[in-house]
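What follows is a set of notes on a single structure, which appears directly below.
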Amino acid sequence: ETGVTQTPRHLVMGMTNKKSLKCEQHLGHNAMYWYKQSAKKPLELMFVYNFKEQTENNSVPSRFSPECPNSSHLFLHLHTLQPEDSALYLCASSQEESQFFGPGTRLTVL
Amino acid sequence: GDSVTQMEGPVTLSEEAFLTINCTYTATGYPSLFWYVQYPGEGLQLLLKATKADDKGSNKGFEATYRKETTSFHLEKGSVQVSDSAVYFCALRKTGSARQLTFGSGTQLTVLP
């Protein structure tokens, strides 16, 4: 049990669908993150939330829309995705220096 | 900007062999350094960390020493097991208010029985 859970674990969607990824942390941390992990590429930081406020948006396309309603929950809303958006999407949280990761959502866009 | 360079994999070893995975970094100031491990089908897990020069992080038989003079943080283990097969990521975090981690590209390790 890592303390960071993600649902769903696997998701297949068409390019016209709208779906959401959910992340929940049970560690009492005040920062949460979305990362994208594609094959043979370094992890890409997408968004950072600190005390529910977005502090980083690393030039992510608008078809990805994050939401952080409280410090324990983080969502990534997806719409009109492209096949190249297929990847493992990882959520993480932190309080001090070390980040703790969830198991990820494996997303396939057809 | 900050960057982390890891030795390219994949690395294949026999059980009980000695492991070294090289990691060097480029950063201003004095970053904290991390090794994360990702087992198949799972997210990243923190393996060890070091926050200042000459610190040695260790966990589960793995060790890495923060070498400021060579800007390196090489991961070592004296005797690997099949269960160590995973992808290993080196990462750095700058000091200060920024929370962003910069990751290396990862090194796939396969340990054969």
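The values are calculated or read from the model by the stated rules, or taken from the named source; none is laboratory data. These numbers were taken from a predicted model, which means no experiment stands behind them. Methodologically, a virtual Cβ is constructed for each residue, glycine included, from the backbone with ideal geometry; neighbour enumeration extends over all protein chains shown. Heads up: the accessible areas ignore ligands, DNA and RNA and are worked out on the full protein's heavy atoms, side chains in. Shrake-Rupley method; radii C 1.70, N 1.55, O 1.52, S 1.80 Å.
For B:G9, the criteria (1) surrounded by fewer than 21 Cβ atoms within 10 Å (Cβ to Cβ); (2) assigned to a strand (DSSP E or B); (3) within 14 Å of another protein chain (Cβ to nearest Cβ) hold in every case but one, which is (2).
Filtered by the rule that a residue be open to solvent by 50 Å² or more (accessible area, probe 1.4 Å), farther than 13 Å from B:L19 by Cβ and in contact (Cβ under 8 Å) with a residue 40 or more places away in the chain, segment B:72-107 gives B:K94, B:T95, B:G96, B:S105.
Answer yes if at least one residue in segment A:62-79 is under 18 Å from B:Y36 (Cβ atoms) and touching a residue at least 24 places away in the same chain (Cβ under 8 Å), and no otherwise. For segment A:62-79, residues under 18 Å from B:Y36 (Cβ atoms) and touching a residue at least 24 places away in the same chain (Cβ under 8 Å): absent. If you go through segment B:12-47 and pick out every residue that is outside any strand (DSSP E or B) and open to solvent by 10 Å² or more (accessible area, probe 1.4 Å), you end up with 13.
In the set (1) buried (at least 18 other Cβ atoms within 10 Å of the Cβ); (2) free of Cβ contacts under 8 Å to residues at least 40 places away in the same chain, the condition left unmet by B:E63 is number (1).
When segment A:4-37 is limited to residues that are in a loop (DSSP other than H, G, I, E, B) and within 11 Å of chain B (Cβ to nearest Cβ), the one that is most open to solvent (accessible area, probe 1.4 Å) turns out to be A:R9. When B:Y66, B:Y88 are checked against the criterion of being within 14 Å of chain A (Cβ to nearest Cβ), under 26 Å from B:E15 (Cα atoms) and of a type in the set (F, W, Y), a single residue qualifies: B:Y88. If a residue must be within 12 Å of chain B (Cβ to nearest Cβ) and open to solvent by less than 20 Å² (accessible area, probe 1.4 Å), how many such residues does segment A:52-110 contain? Of the residues in that region, 13 qualify.
Reported count of residues in segment B:64-96, each being more than 28 Å from A:W34 (Cα to Cα) and touching a Gly at 6+ places or on another chain (Cβ under 9 Å), is 6.
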